[in-house]
Amino acid sequence: MDNFNDNRTFMKSGFDLPERDFISDQERGMPPPSAAKTTDGKLKIIDLPAVDKKTVKYNDLYTCFNNRRSRRNYKDKPITLEELSFLLWSTQGVQKVIPAYKNTGHITLRPVPSAGGRHSSETYLAVNNVAGLDKGIYIYMPLEHKLALCHYVDDLTDKLIYAYGGEGYYSEAKWFGRAPVVFLWSCIPYRGEWRYHCEAHRLMLLDIGHICQNLYLACEGIGCGTCAIAGYVQEAFDELLGLDGINEYIVYLAAVGKVK
């Protein structure tokens, strides 16, 4: 029960509690962390098509809300680069950069809200079947609206299936491993900690929920489907993406494909 109580307390706001008082690195005058990861200059960069509202097939917002479901059955058909561009923009695209003011750090305005504009998440993609892209692991560059190819992966489908549930889940996880693309959201905790100290972690998880809900609605708008996954083999996904598991680690993922 103690663990339950600790977790229940974690879900509550502590900004008004004297015993949880803190001085953040922002208040100490420490420089803010960058708004997005800096990619290796040696990585292959892929320009994404400009986001065009013509990509959206169902513009009725009510229909998108009403039809939203977790969908696991996908056609053996590639997602177009235009569709992927729209999904990335809908979830983490940068619409405007507000310059730093009084040690706030640069604030980026995006289609999703984020506590203090910190946007602690990075978007990675495990690509199986996207027109014009090789199979492999990519990272989204939100400031430039581009993709960078991180690395190729041998047996990507099998590794996704294992990371989904470990040994014994192969049959259950086939749909996931074969999805045309899997969105993988990491967290860089210091982006939130810099401003909100020990209160940051609850806020960062809420932020990632906003991101995934936008993916659900954006998928419905273009005739695709998605299914979010919050239970997985942590070390397997961190290793697949080359993350250290401390300063950056996977916290949420979602498979995407054309709906049958």
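The values are calculated or read from the model by the stated rules, or taken from the named source; none is laboratory data. Because the structure is predicted, anything quoted here is derived from the model rather than measured. With ideal geometry, Cβ positions are generated from the backbone for all residues, glycine too; neighbour counts draw on all protein chains shown. Surface areas here come from the heavy atoms of the whole protein model, side chains and all, with no ligands, DNA or RNA. Shrake-Rupley method; radii C 1.70, N 1.55, O 1.52, S 1.80 Å.
Worth pointing out:
- Placing +1 on the Cβ of every Lys and Arg and -1 on the Cβ of every Asp and Glu, with no other charges, gives region 43-258 a dipole of roughly 860 debye about its Cα centre.
- Among 130-136, 111-117, 149-155, the order from most to least packed when residues are scored by Cβ within 10 Å on average: 111-117, 130-136, 149-155
- Top of Ile23, Ile45, Ile188 by mean-square fluctuation, Gaussian network on the chain, Cα under 10 Å: Ile23
- Accessible surface of the chain [probe 1.4 Å, protein heavy atoms]: carbon and sulfur percent: 51 percent
- Of the GluC sites (Glu not before Pro) in region 157-260, those whose Cβ has at most 13 other Cβ within 10 Å and which sit in DSSP loop: Glu167
- Against the criterion of solvent-accessible heavy-atom surface with a 1.4 angstrom probe, Leu48, Leu184, Leu43, Leu143 sort, most first, into Leu143, Leu43, Leu48, Leu184.
- Summing Cβ point charges (Lys, Arg +1; Asp, Glu -1) relative to the Cα centre of region 139-260 gives a dipole of roughly 520 debye.
- Accessible heavy-atom area order of Leu205, Leu17, highest first, probe of 1.4 Å: Leu205, Leu17
- Label-to-label distance, nm, for residues given as Asn5 and Tyr58 (7 Å Cα→Cβ offset): 4.7 nm
- CD proxy at 222 nm, helix term only [per DSSP H run n ≥ 4: -39500 (n - 2.57); per residue of the chain; nearest 500]: -9500 deg cm²/dmol
- Using a cutoff of 8 angstrom between alpha carbon atoms and counting only pairs six or more residues apart, the relative contact order for region 152-242 works out to 34 percent.
- For the pair Tyr170 and Asp47 in one chain, pulling the backbone fully straight at 0.36 nm per residue adds 40.8 nm over the alpha carbon distance.
- Alpha carbon convex hull of region 43-258, projected area averaged over orientations, nm²: 12.1 nm²
- Computed from the Cβ-Cβ distance with R0 of 45 Å, the FRET efficiency linking Gln95 to Arg72 stands at 0.90.
- Only one residue of Tyr170, Cys198, Phe10 has its Cα farthest out toward the positive end of the dipole of the chain, where Lys and Arg carry +1 and Asp and Glu -1 on Cβ, and that residue is Tyr170.
- Exposure of Glu83 as accessible area (Å², to 10), given a probe of 1.4 Å and all protein chains: 10 Å²
- Relative contact order %, the chain, counting alpha carbon pairs below 8 Å whose residues are six or more apart: 26 percent
- Residue ranking by accessible heavy-atom surface, 1.4 Å probe, largest first, among Trp89, Trp185, Trp175 comes out as Trp89, Trp175, Trp185.
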